[in-house]
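A short write-up of the structure that comes next.
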Amino acid sequence: MFSAPPQLSRRRTGLVFAAALTLLAAGGVLEAPRSAAVSAPAVSPDSVQVGQPVTDAPPAPPAPQQQGCGTSGFNAEVTQNGSTWTARNGGTIVYTGNSLLSAMQAAVNSLTPGRTYKERVVVRGSGSMSAGSRLSLPSYTSLEVCGTINVTGSGSGDQAVVYARNVTDIEVPYLRVTGSPLYGIFIRNATNVILGQIDMRLSSGLGIRIDNHGDRSVRTRNVRIDYAYIQGAGNHGVETYGVDGLTIGTVVARNVAYSGLQLNDTINATIGTVDANGAGTGTGYAAFRMANRNGRIGNSYPVNIRVGQVIARGGGRGIFCVSESGGAVIDRIDIADTGNNAILIENCYNVTIAAQSGTVSGGGEIRVAARSEFPPSSNITLQNLTVINNTVRESPCGGANNVARNLNLVNSRLIWCS
């Protein structure tokens, strides 16, 4: 259920272009000298102080807020009085006792059976539930949690704070989770999913997983995540697999074990911002990772994955595209001090990095690579980048229409196939 750790690619070298741009050896690779600008630079080399790379993280975005939670009306309500939880639907009490989970499930179960319109449950208060349990949402249900759910203990399988399977039209406008869930949110084979302001500060588990693995012949469709803040997850922050139609506003990942945002076999996605600090430290995962034919439609890779901005500090990689994925454009990047490749494009097709602008400072090299079991990366464009204290490398050669242009290299070099 979790993605297998990625493998590192072998490195190969070719021709080197010396500081005087003199060809030294055969092999089809060109190298630009350190501190040179390749093509028309987006930023003058004089505007960057060598030895003083810009590595400070941008100001942290605000955590999701709960202002407005529970103000839009409801059909059933869960309230807290000390250690007692009460669930009501209209004038009927459907649960009273000391279990937050039982109260929430009773409220959900009290909604109109067989409905074809969305009904709402509001939870007011903070409490705990076991990692070995889950709250199940049926179709046409909205759940707002105006408080914090702390997950304790351990469990196995697909247990989650919020769980939904084979459903349509579900919504979680507000949710705040702490502790050790297996999953914060787990959704399988669904359509029309909305997640609003999601805040997870965890000690283990995976933050949000949305997939189609109950029936992989049918994609999960029309998923929207407005704002997700995931901290301390023991796996990915947010992961999708087998989704068609994904809209994400912002994913903020802090010190998650694997990727901040991981897209697998997902098509037609629009993402605003991925902001990760310490994502995948000591691994090959990345702030933003695409894998398992992500972006592939039929047998081709039209642009259908659009990302506004990727910010990465530390962690494993910054951006990683692998295993026959592609069809992606990332407008802006800001990557510094990654422990592994700042950017690795491996067996991917039709990918543009920094369509508008970007900076990479330090970290592992920027590389377009390939494993032998897949066709080599092709139609890859790296452009509009200021690269500080790093190497931009294409290796092995063999891919078609790979372009590196408008690079401002500061104490850096370009090794590229001709």
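The values are calculated or read from the model by the stated rules, or taken from the named source; none is laboratory data. Note that the coordinates shown come from a computational prediction; the quantities given were computed from them, not determined experimentally. Heads up, the Cβs are rebuilt from the backbone with ideal geometry, glycines too, and the neighbour counts pull from every protein chain shown. Please note that ligands, DNA and RNA were not included when accessible areas were found on the heavy atoms of the full protein model with its side chains. Shrake-Rupley method; radii C 1.70, N 1.55, O 1.52, S 1.80 Å.
Here segment 93-238 has 45 percent of its accessible surface on carbon and sulfur atoms, given a 1.4 Å probe and all protein chains in place. Rounded to whole numbers, the Karplus 3J(HN,Hα) couplings from phi for segment 170-187 are 10, 8, 10, x, 9, 7, 10, 10, 10, x, 10, x, 5, 9, x, 10, 10, 10 Hz, using 6.51 cos²θ - 1.76 cosθ + 1.60 with θ = phi - 60°, and x at Gly and Pro. In order along segment 215-231, the phi-based Karplus estimate (6.51 cos²θ - 1.76 cosθ + 1.60, θ = phi - 60°) of 3J(HN,Hα) comes to 8, 6, 7, 10, 6, 6, 10, 6, 10, 10, 10, 6, 8, 10, 10, 10, 10 Hz; Gly and Pro are listed as x.
Per residue, how many Å² of accessible area does segment 134-226 show with a 1.4 Å probe? Spell out each step's value before the answer.
On the way: 2890 Å² over 93 residues.
Using a 1.4 Å probe on heavy atoms only, each residue of segment 134-226 averages 31 Å².
Amide hydrogen proximity for residue 266: with H placed 1.01 Å from N in the peptide plane, the residues at 5 or more positions away or on another chain lying under 5 Å are 242, 243, 294, 295. To the nearest 10, the accessible area of residue 236 is 0 Å² with a 1.4 Å probe. Normalised per residue, the accessible area of segment 345-396 is 25 Å², obtained with a 1.4 Å probe and no contribution from ligands, DNA or RNA. Split the accessible area of segment 355-418 by element, probe 1.4 Å, and carbon with sulfur accounts for 44%. Placing +1 on each Lys and Arg Cβ and -1 on each Asp and Glu Cβ, with no other charges, gives segment 107-251 a dipole about its Cα centre of roughly 120 debye. The H on the amide N of residue 247, modeled in the peptide plane, is under 5 Å from the matching H of 223, 224, 225, 270, each at least 5 residues off or on a different chain. A 1.4 Å probe over all protein chains sorts 93, 230 by accessible area into 93, 230, starting with the largest.
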